[in-house]
Amino acid sequence: MRTLAVPALALGLAALAGCRMNVDTQAFIERDEKRFTTAGPVDLDLNTLDGSIELRSWDRPEVLVEIEKRGQDKEAVDRITVTAAQKGNAVTVDVQHNGRTTVIGIGHFISTSARLIVTAPRSANVTARTGDGSIVLERIDGRVDLRTGDGSIKVVEAKGDVLAESGDGTLTLDDVSGRVEARTDDGSVRVSGTPGMLRVRTGDGTVSLRIRNGASMTDDWTIDSGDGSITVELPSGFNAMIDADPGSDGRVRNDLDLSNVSGPGAEKRERGSLTGQLGTGGKRLTLRTGDGTIRLTRY
């Protein structure tokens, strides 16, 4: 995308304010950054009404917050307010704006937004909220609570309690462990790793689980899709009581060595639910879909 320079006067003002500005072919953009020195695990609270949030870790004892504010013009961007504060090892970043949309032509508009790009120590407890935008989190150990009103969420290498929730968007959680919850009203969900507790719900979308070696259920698991297929890959030595219900029009395709199998789905030619014991049994793995196929297979 072609970038145009801002007039020299505007650039000079930006330098005095400690930020950078530029205009692209679609919006006026202003960038700023803030740094916070920390010691030990960090508590991060990130909030933006409209914009994406990206969080990654590094080995420095500090938090770097890069803020990219975007609007139709400088006046629109100036209506965005950013409050960033630190108390001990707790860092809070809160973005507020009036949410007004600028119409630039029939069928064309620019919504004022603020994107947060954060780099922090790996040991961190994170709360991240956006009203409209994607969230990406990579290599964080701690409690993670991610929520977006409209957008996808991607998590890579997270150890601890993980909650990912979207009003409308796909959820991808790769290499996660601990207590894991993933909820979306509309979108597919993919989870891989070694969770101890797992709860997944989508109103409309497929679910794919790839549970790796070393995983052990510390609590019952519940996987629920209002409309979509469910695929579950389980490792050797995994123990669970399986309860799979694909709805009235669905099937269960089982490639696992289950014992004490019952239900209409026990016969591969029949539709309907299936229950059975995997390994020594134990906690219950419940799989539900309103319309779709449930497949159980080895990882």
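Read the figures in this text as sums done on the coordinates, not as results from a lab. From a predicted model like this one, the values you see are computed outputs, not experimental measurements. With ideal geometry, Cβ positions are generated from the backbone for all residues, glycine too; neighbour counts draw on all protein chains shown.
Listing for the model above:
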item: Electrostatic dipole magnitude of region 173-299 [Cβ: Lys, Arg +1; Asp, Glu -1; Cα centre; debye, to 20]; result: 340 debye
item: Unit charges at the beta carbon, dipole of region 199-298: most positive-side option, Ala244, Thr218, Gly272; result: Thr218
item: Cut-off under 5 Å, modelled amide H: who pairs with Val42 long-range; result: Ala124, Asn125
item: Segment Arg35-Ser248, extension gain: residue separation times 0.36 nm, minus the distance between their alpha carbons; result: 71.1 nm
item: Contact order relative to length of region 148-201, as percent, for alpha carbon pairs under 8 angstrom and 6 or more apart; result: 32 percent
item: Point-to-point label distance, Ser123-Ala90, nm (Cα→Cβ direction, 7 Å offset); result: 1.9 nm
item: log10 of Debye I(q)/I(0), alpha-carbon scatterers only, for region 193-279 at 0.17, 0.25 Å⁻¹; result: -0.73, -1.43
item: Percent RCO, i.e. relative contact order, over region 193-259, from Cα pairs under 8 Å lying at least 6 residues apart; result: 32 percent
item: Ratio of Rg to Rh over region 153-299 (Cα coordinates, Kirkwood Rh, two decimals); result: 0.95
item: Point-to-point label distance, Arg60-Val156, nm (Cα→Cβ direction, 7 Å offset); result: 2.0 nm
